[in-house]
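Data first, discussion second: the structure below is written as structure tokens.
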Amino acid sequence: AKGSKVRLHPGKAAGRRTDAQDLFLVGMLATVSGVFFDVDGDQHVAVTIDDDPAADLHQSHGRFMYFHPDEVEPVT
């Protein structure tokens, strides 16, 4: 849900490819900005990286990083 804290695990699912840039985000904490569906009905979690000094700027412009639900782990 929006505002939830998650830990990122890009490329976690077997058979799914990820960008080289996403590999730098493994284990990082992020805040969920929204959950969206694409035209194919696939679910995507939009996040901002907590350690990113420009996170507020990205959020104000609607620029997020998107991950599949199985690539994020809720943090309690």
Notebook entry, point to check: If you place +1 on the Cβ of every Lys and Arg and -1 on the Cβ of every Asp and Glu, how big does the dipole about the Cα centre of the chain come out, in debye to the nearest 20?
Noted result: 100 debye
Item checked: Exposure rank, largest accessible area first [ARG63, ARG17; 1.4 Å] -> ARG17, ARG63
Item checked: Accessible area expressed per residue, the stretch 1-73, with surrounding protein chains retained (probe 1.4 Å, Å²) -> 66 Å²
Margin query: Quick one: 3J(HN,Hα) in Hz for the stretch 45-53, Karplus 6.51/-1.76/1.60 with θ = phi - 60°, rounded, Gly and Pro as x.
Written below: 9, 8, 9, 10, 6, 5, 7, 7, x
Item checked: Placed amide H near GLY11: partners under 5 Å, 5+ positions off or other chain -> none
Notebook entry, point to check: Can you list residues whose amide H is under 5 Å from MET28's amide H, if they're 5+ apart or on another chain and H is modeled 1.01 Å from N?
Noted result: LEU8
Checklist line | the chain: relative contact order as a whole-number percent, Cα under 8 Å and 6+ apart | finding: 37 percent
Next item on the list: Give me the compactness ratio for the chain, meaning the Cα radius of gyration over 2.2 N^0.38 Å.
Entry: 1.04
Next item on the list: Would you work out what percent of the accessible area of the chain, with all protein chains in place, is carbon or sulfur (probe 1.4 Å)?
Entry: 54 percent
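The values are calculated or read from the model by the stated rules, or taken from the named source; none is laboratory data. These figures come from a predicted structure and were not determined experimentally. Cβ atoms come from the backbone with ideal geometry, glycine included; neighbour counts cover every protein chain shown. Keep in mind that these areas ignore ligands, DNA and RNA; they rest on the heavy atoms of the full protein, side chains included. Shrake-Rupley method; radii C 1.70, N 1.55, O 1.52, S 1.80 Å.
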